[in-house]
Amino acid sequence: MSADKRSRFGFVTNPRIQFKYAFLNSLFVAGVILLTNLVVVYRLRSFTFQSEVEMDNLLLNNIIEFTVQLGIISFLMAFVVTFFSSLIITHRFVGPFVSINRYVDALINNKFDEPLNLRTSDEMHEISGKLKILGQKLKDKS
């Protein structure tokens, strides 16, 4: 992918992997929130049936309705926030893999002058030095 395309896409360097993990992570977090909300609604309803104190049905229905609405809003917000934060986090792992893959492809095609540039903040930065040594040894042997 050219530098121009990378700058346009920002944190999405490998959409298939990043979107898959972002979606699954978001679904998990939002699902936990939704499940928690459903438990609260269930407990509210069971409390009204077991309680000896008479509650105003209209008030109780308003509380349950508010809890459901809050749960839906929380579900959507958690999904969106988790999705985008997962894209940013996976970029730290997927971005270096794209660069390393490009470098290894260049070595396979006997293009030993291809640079391998990883940011020092990337998770795979340690391996870049070893790959450069490997590339130099392959260049010396050919």
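Could you work out the longest stretch of the chain that avoids the GluC sites (Glu not before Pro) located in DSSP loops with at most 11 other Cβ atoms within 10 Å? It runs 55-142.
What's the local net charge at Ala106, with K and R +1, D and E -1, over the other residues with C-beta under 9 Å away? Here the count lands on -1. Shown here is the pair-distance distribution of the chain: with all Cα-Cα distances grouped in 5 Å bins from zero up to the longest one, the shares run 2, 9, 13, 12, 10, 9, 8, 7, 6, 5, 5, 4, 4, 3, 2, 1, 1, 0 percent. Using alpha carbons only, how many degrees (0 to 90, rounded to 10) separate the axis of helix 57-108 from the longest principal axis of the chain? It is inclined by approximately 10 degrees.
Values in this text are rule-based calculations from the coordinates and carry no lab data. These numbers come from a predicted model, not from an experiment. No Cβ is skipped: glycine too gets one built from the backbone with ideal geometry, and neighbour counts run over all protein chains shown.
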